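K.L.:
Sharing a structure below in structure tokens format, with a few things to ask.
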Amino acid sequence: MNITSFLLYCCIVTFTPGPTNIVILSTVHNFGTKKAIEYSYGATIAFGLLLGISAVLNTVLIAVIPKILIVMQIIGTFYMLYLAYQIYKMDVSESAEIRTATFISGFLMQFVNPKVVLFTMTVIPSFVMPYYTTPPALAVFATLITIIGFCAFVTWVLFGAMFKEFLQKYQKTVNVIMALFLVYSAIMASGVVELIKR
């Protein structure tokens, strides 16, 4: 398992601006740090739950249809390349509208956030399951990814406006670097490197 590309992928997807992170940023500005932390707790629990669902679903699918792992790796690779493109052309200057800033809204947001749903459904089969398939190993990786996600949410809370200003000032440079890291992660997850080595 290429732990570097795995960690890069997890950090890039969770730390870069997306619906949840932008709402957290808006919550800090409009309602303060306490409300943003409450929202983040809800988002983190839902994030971990989605990872658990992914691990269970993919374990069942692999047991029933062993070749599904290759299909999920391909889907995961294309999704990472799509994310790289989206990050490359992203505009973080628009602030997200916020109606509520509660634990429940943070929790529910994850289930309607396509970035999170696709990430949680592809990260485990793309990076973890080719090497680890036992329930304890999958639980460890799901927990690790959840912790990374929580750290990302807290980062957006702590840095608030300062983080947003930095991204706006160096937006293109940051986006290009993040996009390149994602392309690297996609190549490593695809299994192409292992095929070339054979």
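The values are calculated or read from the model by the stated rules, or taken from the named source; none is laboratory data. It should be emphasised that the depicted structure is a prediction, and the values quoted were computed from it without experimental measurement. Methodologically, a virtual Cβ is constructed for each residue, glycine included, from the backbone with ideal geometry; neighbour enumeration extends over all protein chains shown.
K.L.:
Could you grab me the full set of residues in the range 117-171 that are within 21 Å of K35 (Cβ to Cβ) and modelled with pLDDT of 85 or more?
P.N.:
The answer is G149, F150, C151, A152, F153, V154, T155, W156, V157, L158.
K.L.:
Same structure again: Go through Y9, Y39 for me and flag whichever is assigned to a helix (DSSP H, G or I) and within 13 Å of the chain's Cα centre (by Cα).
P.N.:
The conditions single out Y9.
K.L.:
Filter the range 102-155 for residues that are assigned to a helix (DSSP H, G or I), under 18 Å from T27 (Cα atoms), in contact with a Ser or Thr (Cβ under 8 Å, 6 or more places away or on another chain) and not aliphatic (A, V, I, L, M) and give the result.
P.N.:
Within the range 102-155, G106, Q110, G149, F150, C151, F153 meet the criteria.
K.L.:
Identify the residue in the range 58-82 that is modelled with pLDDT of 75 or more and polar (S, T, N, Q) and, among all such residues, is farthest from T134 (Cα to Cα).
P.N.:
Looking at residues that are modelled with pLDDT of 75 or more and polar (S, T, N, Q), I get T77.
K.L.:
Taking the range 83-104 only, how many residues are farther than 18 Å from C11 by Cβ and at pLDDT 75 or above?
P.N.:
5
K.L.:
Does A46 meet the test of being buried (at least 19 other Cβ atoms within 10 Å of the Cβ) and modelled with pLDDT of 85 or more?
P.N.:
yes
K.L.:
I24 versus (1) touching a residue at least 60 places away in the same chain (Cβ under 8 Å); (2) under 21 Å from P130 (Cα atoms): which is the lone unmet condition?
P.N.:
It fails just one condition, (2).
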